[in-house]
1. Return the total of residues in the stretch 34-58 being surrounded by fewer than 24 Cβ atoms within 10 Å (Cβ to Cβ) and near the ligand (Cβ under 7 Å from one of its atoms).
2. Which strands (runs of 3 or more DSSP E) sit wholly inside the stretch 95-194 and have at least 2 residues that are touching a His at 6+ places or on another chain (Cβ under 8 Å), open to solvent by 10 Å² or more (accessible area, probe 1.4 Å) and not charged (D, E, K, R)?
3. Taking helices (runs of 4 or more DSSP H) that fall entirely within the stretch 370-438, which contain at least 2 residues that are open to solvent by less than 20 Å² (accessible area, probe 1.4 Å) and more than 16 Å from the ligand (Cβ to nearest atom)?
4. Which residue pairs have Cβ atoms closer than 9 Å, lie 6 or more positions apart in sequence or on different chains, and pair a first residue in the stretch 245-266 that is farther than 20 Å from residue 277 by Cβ with a second residue that is of a type in the set (D, E, K, R)?
5. Mind checking which pairs have a first residue in the stretch 8-35 that is at pLDDT 95 or above and a second that is assigned to a loop (DSSP other than H, G, I, E, B) and surrounded by fewer than 24 Cβ atoms within 10 Å (Cβ to Cβ), Cβ under 6 Å, 6 or more apart or different chains?
6. Right, residue 275: surrounded by fewer than 17 Cβ atoms within 10 Å (Cβ to Cβ), part of a helix (DSSP H, G or I) and of a type outside the set (A, V, I, L, M) or not?
7. Given the residues 23, 69, which is the only one that is buried (at least 24 other Cβ atoms within 10 Å of the Cβ) and farther than 20 Å from residue 133 by Cβ?
8. From (1) buried (at least 16 other Cβ atoms within 10 Å of the Cβ); (2) touching a Gly at 6+ places or on another chain (Cβ under 9 Å), pick out the condition that doesn't hold for residue 295.
Amino acid sequence: MNNAETTFITQNKNVPVIAGYDVVVCGGGPAGFMAAIAAARGGARTALIERYGFLGGMATAGLVAPISVFNYNGRRMIGGIPWEFIERLMEVGGAEEEKPLGNISFSPEKYKLIAQRMVLEAGVSLYFHSYLSGCQKVGNTLTHIFIENKNGTEAIAAKYFIDCTGDADLARLSEVPMQPAGATLQPASLIFMLGGVDTDALPMIRHSQQGVNYHDLTIRQMLEELDKTETVPLFGGPWYCGILTKGMVLLNMTRTYADMIDNRQATATECRLREDVFTFVKLLRENVPAFRNAYLATTATQTGVRETRRIQGVYTLTGKEYLDACDFPDAISRGCHPVDIHASVTHQQRCEFLKDAAFIPYRCLIAPGFPNLLVAGRAFSADEIASASVRVQASVMGLGQAAGAAAALCVPHEADVARVDIAQLRETLIGYGANLAK
Ligand SMILES: Cc1cc2nc3c(=O)[nH]c(=O)nc-3n(C[C@H](O)[C@H](O)[C@H](O)COP(=O)(O)OP(=O)(O)OC[C@H]3O[C@@H](n4cnc5c(N)ncnc54)[C@H](O)[C@@H]3O)c2cc1C
């Protein structure tokens, strides 16, 4: 018998329920670890599930830097636990703020350390090396999630669940409807770290002015010139960012179209972009004096993912509302980054700058008819324009803070997430330091 001809296998197994919590957060990226801290500080018994052995998501596993952006025209717009995290990072020499925008260069290793300290100090139970693989529900009420790790398959019960996987994995497993597919997805990029760079000679990109797009035009023109005579892989930017260590620089320049939630495309993308990294290191060494002695220190743990699924929430934030900075009675966070859309098959990037800091309503974090599920991070409910701004790290931290605070407020009354007391939620967030004033 040819086993490969079998198309489906039905599995029945007993899965141990290992623990129960008030709130379970899936995904420990910028949105997720903020959500977990906020939920725990709000008094909820909280667990955080993460597939890697460290926190930070794209910031650490994807080596995405800088953290963009906390300020609009020099005014702090995203405050509270997200900014407390930056201050804690600064205390250990792990972050530097560029004023007036509030872009943060950081050390990825110190980021992992401070994020885990803050999560553990808040009393959150951490489950590392645990992949969310399924869920159990009664109607649309989630009762358990399933995780896979070296112990096997395990189930965890909770009253509320927050999906911060970036790809809306838990929402998909729960059968929440997703936004219709757009014309295309933003590209995936494998970021790499170089050592041996003459960082004194390299003009570090400084995000010093509102309304300006920053990348290295000299290197871009050099690559465009070379492309006429030899094969240069598809690139964007390039953008580079220091990690607060002399000689070390993160490079964001590889890119390709890929639907990274398809495992076969994700595998092919990792292989292709790793080849491209080696080509770019050679080109930079040969053509840019500051990189003459550079060496590849590491590639990111995974290729960076800008865009995949987004939920169809109770409300979908549109690009027009976002760019018009429309205020909402249930606004729970802000966005200050431009609408930032990268082309996936050319070098191009479309940037639309905000005329004011935008508002994000709570209804974008919940799905109609799903009483105990919240979604924070880049998978929240927005069209492709609004999400192309909110997807950056400071903004998703703000969404995570709001989702965690909301879940904690629901716990005592076992309230439907759609019925959270908005006035109390906004008051709690303002108490943390969020800026929700017009
Ligand atoms: C190339 C690139 C450049 C970028 N440039 C910038 C920039 O300059 N500035 C900026 O601020 N932002 C930038 N971004 C955007 C930003 O990094 C992300 O949008 C942001 O990190 C999203 O946060 P998140 O918490 O929603 O998701 P993520 O950061 O993706 O975190 C999701 C977390 O969930 C975990 N996870 C996922 N699925 C599962 C599962 N099934 N089980 C368990 N765990 C799971 C992941 O391991 C991860 O830790 C860039 C992104 C890319 C890809």
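The values are calculated or read from the model by the stated rules, or taken from the named source; none is laboratory data. Remember, it's a predicted structure, so these values are computed and weren't measured experimentally. Glycine gets a Cβ as well: all are built from the backbone with ideal geometry, and neighbour counts include every protein chain shown. With ligands, DNA and RNA removed, areas are computed over all heavy atoms of the protein, side chains included. Shrake-Rupley method; radii C 1.70, N 1.55, O 1.52, S 1.80 Å.
1. 2
2. Values: elements: 95-98, 103-106, 125-127, 131-138, 141-149, 152-163.
Correct list: 131-138, 152-163.
3. Output list reads 393-410, 422-432.
4. Close Cβ pairs satisfying both conditions: 246/200; 261/167; 261/169; 261/172; 261/309.
5. As it stands, the answer is 21/45; 22/45, since those pairs meet every condition given.
6. On the way: surrounded by fewer than 17 Cβ atoms within 10 Å (Cβ to Cβ): yes; part of a helix (DSSP H, G or I): yes; of a type outside the set (A, V, I, L, M): yes.
Yes; evaluated as a whole, the condition is true for this residue.
7. Working: 23 fails: farther than 20 Å from residue 133 by Cβ.
Just a single option satisfies the conditions, and that option is 69.
8. (1)
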